[in-house]
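Working notes, beginning with the structure itself.
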Amino acid sequence: SLNTYKMILSRLGPDIAKSPEALEKMERNVRTLSKTMGNDAVGSADALTTAMLQYGVDLSDPITAQEEMARMMNVMAAGAKEGAAEVPSIAGALKVAGVQAKQSNVSFVETNAVLQSLAAGGKEGAEAGTALRNVLAKMSGEDVLSKDAIGKLIALMHRSNCKRKSRELMRPRSKLVL
């Protein structure tokens with residue numbers, strides 16, 4: 001729709017319009033992802049453009065940028081289908097942690113996996129993004145986070161969330177007085 005085109009252009013810049021084919025495919029990506037969000041095209045466009053901007057996708061070549069948008073769309077759609085976090089939650093987390101993840105050489109796929117893991121433990125949206133950003137900032141001494149390091153990070157976060165839930169379940173409850 002015209003509004004989707006406007007949003008894409010306003011977020012990603014007018015150079016995208018140099019390729020009508022790329023712009024049309026981006027609009028199609030927005031429509032496709034919006035189906036996982038109750039047909040929320042605005043939310044879908046926000047999620048996709050935020051991901052692209054946070055990860056510093058090169059927008060000077062609209063065709064290549066569109067291909068990256070399609071890849072990101074597929075990752076977010078799969079995560080929403082199989083994981084614990086929905087697309088708006090991932091978008092909210094990416095707004096906070098995306099740049100740090102990119103600077104830490106954590107791929108978009110790996111970042112989404114960590115955010116899905118955090119959501120499974122009860123941390124979603126900006127709260128998950130803040131947690132991930134803080135952990136990555138503390139680990140910034142590493143040039144590249146290996147798959148093993150990401151796995152350990154996910155396990156550590158999951159254990160931490162499980163311990164927190166166990167403490168909450170063990171906490172004495174006040175008795176109800178009738």
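Computed from the coordinates by the stated procedures, all read-outs in this text should not be read as laboratory data. This is a predicted model, so every value here is computed, not measured. Cβ: placed from backbone, ideal geometry, glycine included. Neighbour counts: every protein chain shown.
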Residue 140-residue 53 FRET efficiency (beta carbon distance; Förster radius 25 Å; 0.05 resolution):
0.75
Please report, in whole Å, how far the alpha carbons of the stretch 1-156 spread along each principal axis, starting with the longest.
45, 32, 20
Phi angles of the stretch 39-53, converted by Karplus (6.51 cos²θ - 1.76 cosθ + 1.60, θ = phi - 60°) into ³J(HN,Hα) in whole Hz with x for Gly and Pro, give 6, 8, 5, 5, x, 5, 4, 4, 4, 5, 5, 4, 4, 5, 5
Among 32, 56, 13, flag the residue with its Cα farthest along the positive direction of the charge dipole of the stretch 1-84, charges on Cβ as +1 for Lys/Arg and -1 for Asp/Glu.
32
Length gained if residue 120 through residue 21 is fully extended, taking 0.36 nm per residue and subtracting the Cα-Cα distance, is 31.8 nm
About the Cα centre, charge dipole magnitude for the stretch 21-131 (Lys/Arg +1, Asp/Glu -1 at Cβ), debye
200
So for the pair residue 42, residue 9, with labels modelled 7 Å out along Cα→Cβ, what separation do we get in nm?
1.9
Which net charge results for the neighbourhood of residue 79, defined as the other residues with beta-carbon distances under 14 angstrom from its beta-carbon, given Lys and Arg at +1 and Asp and Glu at -1?
-2
